[in-house]
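Take a look at the structure set out below.
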Amino acid sequence: MKFKYVMITAATLLFSFASCGSDETVPEDTGEPKNVTVKIVKPTTYAEEETAVGETPVIYDAEVFFIGGGNILKRGSMSDSEAGFPVKQFQDVPAAADEIIIVGNTGALGSPLLPAASITTKAELEAVMFEHSAQTHAETDVNLLGSGTITGTGDASVNVPVRAAVSRIEISEIKAKTTGAVLPLVDFKLTGIYINNTYTKVSLSYADIPTLATDILQYGANDIAFTDGSYPVRFKDEWTNASVTADDSFKPANALAKWAYFIMPPVAGKGTTIDSEVHTSVPHIIVKLEDVTTGSGSGNLGFSPAYLTITKLIDSSTSSELTHLEAGKVYKITSLDIDGKDLNPKPETGARNVEVTVQVQAWEGVDVDPAL
């Protein structure tokens, strides 16, 4: 049994779990324990498109934490079957609890790993990391996260909006720039798309990033991963030269499909270091082309493969550069138009300031239009 919903309404809560202990001083309760009713509100419709924009993620289970004074005062969980009831009451929530945090689909996805008893503070909870490998479908397999404030005394109600815990980049088309190109392209073979300057994990607070090299994508200009097939599978799409017919435009085979990549979205200032250069928290999009023919009269570009490296995303609604991505949002590139002047023999070189304009919509989504 599984249910779609965008909001959990808690009236004062929780489950029959014992309060977690802590070495820190737990705030003294100044009133009677309260009863909290959790109400799951399900939308009546949801999008069926293959983009994540407009999709309502399915929630299979939830871990619920009641916070007071920076400590976890009560913890409970909702199973698959319990999530089906429109209302469930949880009793004896400490009066000092003034905040609720809900982490969705930890059981179904095995991410994040929440130790049963060792987490006693909000800081410890927020340091736990979501796993990129668990995010496999924008609707049916993605972690969820939400929080809310409990106000007043006695039995209370609180609305907890729950969203996808990660962000997503979607690309609809890659084509030759037709207007204003400095070096027009006649045709080319699209043989690779790579997401660089990103991570395989991020904490619940989005402030912590992994430290192991295997969890950090920071591939440099001379890294053979761009040519030998060893680039991490979940962060790339690749095609062999022989399997591609040269053209001036490429789209996914399915008309509704996008080239899509889940992104672990740390806060600003948490980018990787590539070839000794520190970057922003915005992932890089690298496009690999082969057998490029230009319209300049010179025929071939002069090198193959050729790489386009996008390092900036521009919000189309504000015209401002993004410093980081946000959870629950889809950054859509409607059309990535390539000018030959931005191509280089190696990735992560040359045009470091190639920009893509993004529109923010709901999964929540963000549309991205390249402005090279």
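Key figures
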item: Solvent exposure, largest accessible area first (probe 1.4 Å, DNA, RNA and ligands not counted), of 78, 129; result: 129, 78
item: Within segment 306-332: backbone nitrogen closer than 18 Å to the residue 221 label point (7 Å, Cα to C-beta); result: 306-312
item: Efficiency of FRET between residue 238 and residue 159 - r from beta-carbon atoms, R0 41 angstrom, step 0.05; result: 0.40
item: Farthest toward positive dipole pole in segment 128-209 [+1 Lys/Arg, -1 Asp/Glu at C-beta], among 171, 188, 143; result: 188
item: Fully extended contour minus Cα-Cα distance, from residue 291 to residue 321, at 0.36 nm per residue; result: 7.6 nm
item: Exposure rank, largest accessible area first [259, 239; 1.4 Å]; result: 239, 259
item: Where labels lie 7 Å past Cα in the beta-carbon direction, separation of residue 136 and residue 344 in nm; result: 3.6 nm
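The values are calculated or read from the model by the stated rules, or taken from the named source; none is laboratory data. Since this is a predicted model, take the numbers as computed values, not measurements. Here the Cβ is made from the backbone with ideal geometry for all residues, glycine too, and neighbour counts use every protein chain on show. Protein only, heavy atoms only, side chains kept; ligands, DNA and RNA dropped before computing areas. Shrake-Rupley method; radii C 1.70, N 1.55, O 1.52, S 1.80 Å.
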